[in-house]
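Following: one structure in structure tokens, then a few remarks.
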Protein chains: 2
Amino acid sequence: MKDDRILLSHGSGGKKSRELTERLFLKHFDDPALLLLNDQAVMERPGGRIAVSTDTYTVDPIFFPGGNIGSLAVHGTVNDVAMSGAEPFALSAGFILEEGLPMDDLERIVVSMAEAAREAGVRIVTADTKVVSRGAADRIFINTTGFGVLEDGLDIGGQRALPGDRILLSGTVGDHGVAVASAREGIRFSTPVVSDSASLNGLVGVLLKSAGSGVHVMRDPTRGGLATVLCEVADQSGAGIEIREEAIPVREAVKGACELLGYDPLYLANEGKMVAVVSRDVADRGLEAMRSHPLGKDAVIIGEVTSDHPGRVVLRTVLGGRRLVDRLTGDMLPRIC
Amino acid sequence: MKDDRILLSHGSGGKKSRELTERLFLKHFDDPALLLLNDQAVMERPGGRIAVSTDTYTVDPIFFPGGNIGSLAVHGTVNDVAMSGAEPFALSAGFILEEGLPMDDLERIVVSMAEAAREAGVRIVTADTKVVSRGAADRIFINTTGFGVLEDGLDIGGQRALPGDRILLSGTVGDHGVAVASAREGIRFSTPVVSDSASLNGLVGVLLKSAGSGVHVMRDPTRGGLATVLCEVADQSGAGIEIREEAIPVREAVKGACELLGYDPLYLANEGKMVAVVSRDVADRGLEAMRSHPLGKDAVIIGEVTSDHPGRVVLRTVLGGRRLVDRLTGDMLPRIC
């Protein structure tokens, strides 16, 4: 493309918009539904119920170790759809671009989205671009809305946690939060921390195949982190949750960064991790199934659902103490996703 | 709510986010799927194919005569879905809020969205909120993604325009563009111009009932206006389009504003108007059907599809001249939707 920066006219709906669409978006997003260039996509009716999730991504910086706002926008929404137990099949993408955004940056982002979508096996079926003048937005924001098909018989949601259920976590926590925070602040660690940003639908498939209707809740601990997600599940189900601090995997580099920066890993965002609440009888084989998948190789059982302290989350500390875990208060780390 | 402005912590995913969700969004968006507070909505499988459309709204100013960014975000996406011939049934909503946005403004916007959704008969099934710091966005941006069910047998799209087809326009053009531009610039006209922002799914229903499979193309002339939409249809179908200038209804106040501000009404955005390309034999009854609906009472036939000048749009002027109509070049009016 001859323009190397985004111009206001790229958002006009006119010639320049068309150019941007043809030379950039259609080049990378080549779904037949999208290529029709209608304002909407029409898809064949999928079997089963439909799960829908929307998320807008405003991560700062837009490029960070392990990903960028584009790959994140695909991973994050694929994961939100997958956490319902649905198989994601399509995404829409809505861009807000700031005038002056380097075209190369936009292309890198779009390429990452296309790659992430291919890897996750989802189509990007419809898209929209708006451009605002310099200063009216910070470089680029992306909304993705995802659609999945939910098989009959599955009923997964925060409200379904039951006393006796085991709580599975697919791997280490805090990686995404620390990766973005350190990129933003320009901090270098001796061991670099890389975002865990990834699409979890494959891992979900493996877990559901093994543990089936024994899977009661699945959640991806993004904004607010593991602590906030568990509080939400306790709240939605009215059950208590007890977790063991020592069982929660945290990379040494993440621990170090948290000490340095004053973060608590339990509240840091993750973008490629999931929590599953499963019935006790399927916990072991669910764990084994997760560990058989590359994104779940460090999966662990971190605790259980209890009829004690209904609606509350309790952390049993390494020293044997018990601490009430609350939702995130205030904003530890804005624009993490 | 005790906070009268948006704080960064309202976007944290923690307590303040929860407060904002409960006290504002759930108060106005009360769909059972959304009330479950999962990260995604699950809906019963609809019959037929699914149409999906996404649009991000960045209109400036956020309140304008005849609407605001919230009602516009519902109308615009409902219309994009409806233009495929599908019956819209659900929307997602993704908000980007600037720190410091007055809570009252946000509530007015959310109330307008809820009202617009009710009027259009669509559910708002899932939503997301991000907050960015002051200066990183301009007050509020909203993405809505809409879903509709498309009956079997309907095949509507720009590629289907055929020589001999008639071109119907549902009413006056330019109202939205002038309303927003005058609100932005603080210009007052003796006759105020009000945006035409409205959901067109009812009007589409009436037209399809009357003209059925004789309806080949439906488009809402938003960004880029009537001229750009007709150019797109000519391009997609490879057919020529001829329209008569005198047939295109433009309000006197809009004409006056265009002369004053240097706009061409053919390129101004509309948010409650549609163009339908229908086969000749159903044109009269299609027109009559549109006129029977409040949003189509000023509907007219403005021209026809021709085998002359393939891929091009020609305007027959009031003085009898013929002028080639091109897409919008540059950006006449940024942030109009």
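The values are calculated or read from the model by the stated rules, or taken from the named source; none is laboratory data. Remember, predicted model here, so these are calculated numbers, not experimental data. Quick reminder, even Gly has a Cβ in these numbers, built from the backbone with ideal geometry, and neighbours come from all protein chains shown. SASA here: full protein model, heavy atoms, side chains in, ligands and nucleic acids out. Shrake-Rupley method; radii C 1.70, N 1.55, O 1.52, S 1.80 Å.
Any residue in segment A:69-84 that is outside the structural domain of A:V277 (by TED's automatic domain parsing) sitting within a Cβ distance under 7 Å of a residue that is among the polar types (S, T, N, Q) and part of a helix (DSSP H, G or I)? List the pairs, counting only those 6 or more apart or interchain.
A:G70/A:S112; A:S71/A:S112; A:V78/A:N201; A:A82/A:N201
If B:R322 meets every condition in (1) open to solvent by 40 Å² or more (accessible area, probe 1.4 Å); (2) within 14 Å of chain A (Cβ to nearest Cβ) apart from one, which number is that one?
Of (1) open to solvent by 40 Å² or more (accessible area, probe 1.4 Å); (2) within 14 Å of chain A (Cβ to nearest Cβ), only one is false for B:R322: (2).
Residues A:D298, A:D308: which one is touching a Pro at 6+ places or on another chain (Cβ under 7 Å), of a type in the set (D, E) and either away from chain B (no Cβ under 14 Å) or open to solvent by 40 Å² or more (accessible area, probe 1.4 Å) (or both)? Steps first, please.
Details: A:D308 fails: touching a Pro at 6+ places or on another chain (Cβ under 7 Å).
Criteria check complete, one pass: A:D298.
Taking segment B:277-295 on its own, how many of its residues are assigned to a helix (DSSP H, G or I) and open to solvent by 10 Å² or more (accessible area, probe 1.4 Å)?
Filtering segment B:277-295 down to residues assigned to a helix (DSSP H, G or I) leaves B:280-291, B:294-295.
Cutting the leftovers down to open to solvent by 10 Å² or more (accessible area, probe 1.4 Å) gives us B:280-281, B:284-285, B:287-289, B:291, B:294-295.
Qualifying residue count for the region: 10.
From the list A:G135, A:G146, exactly one residue is surrounded by fewer than 17 Cβ atoms within 10 Å (Cβ to Cβ), more than 20 Å from A:V278 (Cβ to Cβ) and within 9 Å of chain B (Cβ to nearest Cβ). Which is it? Quick ask: steps written out before the conclusion?
Values: A:G146 fails: surrounded by fewer than 17 Cβ atoms within 10 Å (Cβ to Cβ).
Checking each option against the conditions leaves just A:G135.
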